[in-house]
Structure formats: structure tokens, C-alpha cells
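Worksheet: the structure to be examined is printed underneath.
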Amino acid sequence: MFSNTVTLKTEMPAEFSVHATAYYHPVFSSVCFLPDDYAGDPNPDKKRFSSRSHATAHTSEFEVPLYVSVEGCVIGISHFTFLIFDMRETNQKKLGVASAELSVDTRLDDGNHPAPTPDEQVISVSCRYEDLEHSSVFQQELMCKGLDTNSKVLGMPHMKQLQGRTLRLKVSVADTTLE
């Protein structure tokens, strides 16, 4: 059964928020042209999703389309970016925002990308503050890395692995203090 969506769940610690953006590109050509009288979404190649901070740990859920038709041009999801904000941080010497990215393999399925057996794919991300050496303003910045990749690039699942499934972004924080 074909599904055109992936459920994005964000699991955030207390006082953290996330702003996710899904980016799309043309599926069957390299360029799509919108007519001069196009009155739709001014950024049809982006879909934004936000989870506000809460006093306690919280989960948010969003239905994200994998394919969208814009004036007859089919565009497919190419990647997600996640901006993670530490809303509890009041220290002016800390930069409390980090980014992470998940690419999506949109190549035609050659059979080498079997769908995972679980209905939910968990992407665990650990955030902590790291010292900055070359900044005259901030002493530390929030850095977030995937536990599986040890990088802010969180992986590259195939489109087929996302169809009708849940993608859970699970963020944890190593509590560090600025001395």
C-alpha cells in the first residue's frame, strides 16, 4: 500500500523547542516553472513544523507529505533540517541553538532499500554545550549530534523507508554549565 506521508514525532526535553523544515525538489525534472498568476504558497518547496518549549519533556506529532503537486509539477521531499533551541538558557555567553539535518534518498527504488520492519524509526540526538575558541561574543554553543552518526548529519533513509511510517526525533541533553 502506497502512503504519501511520514509522521514526524519530536521528543524534546523540558524547555527545548524544535523548528523542522521539510525541503522538496522536482521528482521528474530538474526544474518546475510556476505560472505568472500563481497565487499559492510563496515557498511551495518548503513545509515548516514547530514544537514550542514546555516546562516538562514533551512530544509533538506532524503529518509530513512525501510528495506534493504544485501546478502540475510533482515535488518530493529531499531533506529535513532541525533547529533545536535551548529556551532555558539565559547566560549571554552561550549560544543556545543548534542545527541537524536528515537527507532522504529519492533515487528510484532498485530493490536494495527494503522497508524497515518496525513502523517507527528512531533518530536519537544528543545535545551539549561546547567551548568556542574563535568567538568574541560567545564562550559556548549548543552542539547536537546523532548518536548513530556522531555528526549533525543524522542519516539518509530511502523514501520507501518513510512511507506510512513514523520518524521519531528523540533529543536528549547532557547538562553542562558555563564556568
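Bear in mind these aren't lab numbers, they're just calculated from the coordinates by the rules spelled out. These numbers were taken from a predicted model, which means no experiment stands behind them. Cβ placement follows ideal geometry from the backbone for every residue including glycine, while neighbour counts extend to all protein chains displayed.
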Rounded to the nearest 500, what is the 222 nm mean residue ellipticity of the chain from helices alone, with -39500 (n - 2.57) per DSSP H run of 4+ residues and division by all residues?
-500 deg cm²/dmol
Tell me which of VAL125, TYR67, THR5 sits at the most positive position along the dipole axis of the chain, charges placed on C-beta atoms (Lys, Arg +1; Asp, Glu -1).
VAL125
In the range 5-173, lysine pairs 8 or more places apart or on different chains with C-alpha atoms under 27 Å apart total 25
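Please go through the range 130-173 and write out the GluC sites (Glu not before Pro) that DSSP classes as loop and that have at most 15 other C-beta atoms within 10 Å. Could the numbers behind the result be given before it?
Working: sites: GLU130, GLU133, GLU141; in loops: GLU133.
Answer in residue order: GLU133.
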Under Karplus coefficients 6.51, -1.76 and 1.60, residue-wise ³J(HN,Hα) of the range 139-151 in Hz, glycine/proline x
9, 9, 9, 6, 10, 10, 9, x, 5, 7, 10, 6, 8
Quick one: what are the phi-derived ³J(HN,Hα) couplings along the range 65-75, Karplus 6.51/-1.76/1.60 with θ = phi - 60°, whole Hz, x for glycine and proline?
x, 8, 10, 9, 9, 10, 6, x, 9, 8, 10
If you take the Cα atoms of the range 5-173, find Rg, then find the Kirkwood Rh from the mean of 1/r over all pairs, what is Rg/Rh?
1.02
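Which percentage, to the nearest 5, of the DSSP beta bridges contained in the range 5-173 is antiparallel? All intermediate terms of the calculation are to be shown ahead of the outcome.
On the way: 43 of 60 bridges.
Roughly 70 percent of the DSSP beta bridges within the range 5-173 come out antiparallel.
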How much net charge surrounds CYS32 when only other residues with a Cβ under 15 Å from its Cβ are counted (Lys, Arg +1; Asp, Glu -1)?
-3
Residue by residue through the range 119-130, which ³J(HN,Hα) values in whole Hz follow from phi under the Karplus form 6.51 cos²θ - 1.76 cosθ + 1.60 (θ = phi - 60°), with glycine and proline marked x?
7, 10, 10, 9, 10, 8, 10, 10, 10, 7, 8, 10
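How much net charge surrounds VAL70 when only the other residues with a Cβ under 10 Å from the Cβ of VAL70 are counted, with Lys and Arg +1 and Asp and Glu -1?
Combined, the nearby Lys, Arg, Asp and Glu give -3.
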Using mean Cβ contacts within 10 Å as the protection proxy, how do 56-68, 95-107 order, highest first?
95-107, 56-68
How large is the dipole of the chain about the Cα centre if only Lys and Arg carry +1 and Asp and Glu carry -1, each at its Cβ, rounded to the nearest 20 debye?
240 debye
Please give the peptides 70-77, 27-34 ranked by average Cβ packing (other Cβ atoms within 10 Å per residue), highest first, as a rough proxy for protection.
70-77, 27-34
